[in-house]
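This report concerns only the one structure given below.
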Amino acid sequence: EIGKMTISAGKYVVAGFEVMAEEFQDAWNLLYKNWLPNSGFQPDDKPCFEIHHNNPKEHPEGKHIVDICIPVIPI
């Protein structure tokens with residue numbers, strides 16, 4: 001389902017990826033399991049979201065160009 005929402009102000013980690021559809025989970029895991037534990041931040045209780053920048057059908061390799069956005073607060 002697609003809908004509209006207002007994104008709350010605050011700090012977000014924004015990480016850009018070029019991934020195939022089956023690699024989305026790997027990208028999320030990279031952030032939560034590798035980056036976040038050593039970052040000095042913890043997840044905030046706001047929703048995470050993705051920003052999709054392209055149509056993968058138009059990408060020469062069929063990849064999704066996406067930013068994963070995770071709300072964070074200092075530890």
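The values are calculated or read from the model by the stated rules, or taken from the named source; none is laboratory data. Quick caveat: nothing in here was measured; it's all calculated off a predicted structure. For neighbour counting, all protein chains shown are included, and Cβ atoms are generated from backbone atoms with ideal geometry for every residue, glycine included. Ligands, DNA and RNA are stripped out before the accessible areas are found, and what is left, the full protein with its side chains, is counted by its heavy atoms. Shrake-Rupley method; radii C 1.70, N 1.55, O 1.52, S 1.80 Å.
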### Task
Within region 1-29, track down each residue that is open to solvent by less than 80 Å² (accessible area, probe 1.4 Å), touching a strand residue (DSSP E or B) at 6+ places or on another chain (Cβ under 9 Å), farther than 25 Å from PRO74 by Cβ and not in a helix (DSSP H, G or I).
VAL19, MET20
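Within region 30-44, track down each residue that is within 20 Å of ILE73 (Cβ to Cβ) and either in a helix (DSSP H, G or I) or among the acidic types (Asp, Glu) (or both).
Applying the first criterion (within 20 Å of ILE73 (Cβ to Cβ)) to region 30-44 yields 31-44.
Across region 30-44, the qualifying residues are LEU31, TYR32, LYS33, ASN34, TRP35, LEU36, PRO37, ASN38, ASP44.
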### Query
Is it the case that some residue within region 30-45 is open to solvent by less than 80 Å² (accessible area, probe 1.4 Å) and closer than 21 Å to ILE2 by Cβ?
no
### Summary
Scanning region 45-62 for residues that are touching a Phe, Trp or Tyr at 6+ places or on another chain (Cβ under 9 Å) and assigned to a loop (DSSP other than H, G, I, E, B), the one farthest from GLU22 (Cα to Cα) turns out to be LYS46
